[in-house]
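Just so you know, all these numbers are worked out from the coordinates, no wet-lab data involved. Everything quoted here is computed from the prediction, not taken from an experiment. Glycine gets a Cβ as well: all are built from the backbone with ideal geometry, and neighbour counts include every protein chain shown.
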Amino acid sequence: MVAYLETLEGHGDPNLTIDRIDNNGDYEPGNLRFVSMAFQHSNKRKRSDSILIEYKGKQYSVNKFILDLGLKYSAKTVYGYLCEGMSPDDIILKSNKRNATYKRSANIIITYLGEEYSVKEFKKTFNLKCSKRYIRTLVKKGLLGEQILEILENR
């Protein structure tokens, strides 16, 4: 192998390092070359944080997309979905469905006089004596915060 390396262009240059031409191949004759460290760094496999997602007119790295939109996925999972051809909207929808299974009350928002409340916050703020499940049912029927309070007061 040493004899082969000595035949390659750039051998002996202290500013160059051994690189595989095909990153999936082995370190073997025919798949090796000498390149600069700058080239080595640009030749890395794509990572999820170097992929940009366009969503609602903004560009996000995968990690920023997950954080800003509150998704409950790892960067690896979102990157995989993107590679499968899923759109950002589909990923968000899938995440919301997944979250609804675990946090039914947290993903339902009730608006009352311009303020937004989760079911739990709404129940606590207005000292309601009914279950969160009942409140969720009213919200799913399309009722607004004012209407829910009116129904619960007349109950």
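At a Förster radius of 25 Å, what calculated FRET efficiency corresponds to the Cβ-Cβ distance of Asn127 and Asn107, to the nearest 0.05? So the FRET efficiency works out to roughly 0.60. Looking at (1) 91, 24, 24; (2) 53, 40, 31; (3) 64, 32, 31, which value of Cα extents along the principal axes in Å comes from a calculation on the structure shown? Only one listed value fits the structure, namely (1).
With a cut-off of 8 Å between alpha carbons and a minimum separation of six or more residues, what is the relative contact order of the chain in percent?
Details: 134 pairs, mean separation 16.5, N = 155.
Relative contact order of the chain: 11 percent.
A Förster distance of 22 Å, applied to the separation of the beta-carbon atoms of Glu115 and Lys64, puts the FRET efficiency at 0.20.
Placing unit charges on C-beta atoms (Lys and Arg positive, Asp and Glu negative, everything else neutral), compute the dipole magnitude of the chain about its Cα centre in debye, rounded to 20.
The dipole of the chain has a size of about 1540 debye.
How would segment 109-153 be classified by its alpha-carbon gyration tensor: rounded, prolate or oblate, with rounded meaning a/c under 1.5 and the a/b versus b/c comparison settling the rest? It is rounded, given that a/c, with a ≥ b ≥ c, falls under 1.5.
Taking amide H as placed 1.01 Å from N in the peptide plane, Tyr55 has its amide H under 5 Å from the amide H of Tyr60, each at least 5 places away in sequence or on another chain.
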